[in-house]
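Engineer: Pasting a structure here, questions to come.
Each reported figure results from applying straightforward, stated rules to the coordinates on display, with no laboratory input. Bear in mind the structure is a predicted one, so any value in this text is a computation, not a measurement. Heads up, the Cβs are rebuilt from the backbone with ideal geometry, glycines too, and the neighbour counts pull from every protein chain shown.
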Amino acid sequence: MALAACGTRGLIAAAAGPHAAGEQTLAAGLTGHLRAGMLLLADRGFYSWSLWHAASAAGAHLLWRAKSSLHLPVIRPLPDGSWISRIDDPYQKQLRLNRKFKDRARGRSRPAEAGPLPGAATVRVIEFTVTAAGDDGTTRTERYRMVTTLLDPRAAPAAELAAAYARRWAVETCFAELKARLRGPGRVLRSRTPDLALQETWAYLAVYQAVRAVIARTSAGHGLDPARLSFTTALNTARAVAGLRPATALASAEAALLADPVPERPGRTRPAPSASPAPPTPGPRRRPPTTPRDLHHHPHPANRNSR
């Protein structure tokens, strides 16, 4: 599990553990690396009450995709089509249900409890549609639903947040480079014990980070988007100049990167707010259509969107 910077695709932190631990458990160990001023993007498989609060408590703003089963009532519609909603604490919600059940069982007729539950989280909800075009010319359109701690539509318009979520694909690119280019496609770890496998994994992460540092340094020095510089070129050059002095090796790597930039490609998907993303009056929200398991975009809107 990795926490990656979408711009440079460098790693901020990583966690490893047994597969049975699950993504949310590993992700919880990374919340301590979040800081104020960050915007944390996460796919819909990561949302839970505890993980959301742990991440927001670290000071970062959150923009996460939500499952269709998450109840997000419209508390207040906003001018850009998004709306303010409330997510109840599951524990407090269960306590209220238990009290209601006990009152019925004992024949009590107290007034029904109403109003927000203690500890409820105030969020903003954004719905938008994504049209994905395949290489065979076919297209599909799906609805996405995001929850965010950015409540002011003037400071963070819905259209900008919809486009920002496309940058979440950067972490998938990190994993692809780590597995297919650094380690090699189909190649398994050499270690045969859990402790040694973890050691080998951290070694791969360290090398990945070093290659990314060279790319970030080169892009910053020449005013380029890091996505325009090839990870494969940087890796192959690093292997070729491993025996040279550090300054000479770095100069060779920068020259190779600048000589072989990644071409810009036109976008194939376009996120946009839906025509009527929120009902005109507060009330229960109808569940939106089910979205596909995996549909993402390229992380840098200045370049292109993909997949």
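Engineer: Quick check: residue separation of Arg187 and Glu200 times 0.36 nm, minus the Cα distance between them. What number comes out in nm?
Structural biologist: Additional length available on full extension: 3.4 nm.
Engineer: What nm distance separates the two modelled labels at Leu39 and Arg76, each placed 7 Å from Cα along Cα→Cβ?
Structural biologist: 2.2
Engineer: Let me check I've understood the local charge: for Leu178, count other residues with C-beta under 11 angstrom from its C-beta, Lys and Arg +1, Asp and Glu -1. What total comes out?
Structural biologist: Taking every other residue near Leu178 into account, the sum is +3.
Engineer: Roughly how many whole Å is it from the C-alpha centroid of the stretch 173-217 to that of the stretch 148-166?
Structural biologist: With the stretch 173-217 and the stretch 148-166 each reduced to a Cα centre, they are spaced 34 Å.
Engineer: Right, something else. Give or take rounding to whole Å, what are the principal axis extents of the alpha carbon atoms in the stretch 114-154, in descending order?
Structural biologist: Principal-axis extents of the Cα atoms in the stretch 114-154, largest first: 52, 26, 12 Å.
Engineer: Further question: Could you give me D for the stretch 3-102, from Stokes-Einstein at 37 °C and 0.692 mPa s, where the hydrodynamic radius is the Kirkwood radius over C-alpha pairs? Units µm² s⁻¹, please.
Structural biologist: In µm²/s, the coefficient rounds to 208.
Engineer: So how do 52-60, 78-86, 122-130 stack up, highest first, on mean other-Cβ count within 10 Å?
Structural biologist: Highest mean packing first, the order is 122-130, 78-86, 52-60.
Engineer: Next question, about the same structure. Set the Förster distance to 41 Å, then compute FRET efficiency between Arg245 and Ala16 from the Cβ-Cβ distance, nearest 0.05.
Structural biologist: The computed FRET efficiency comes out at 0.75.
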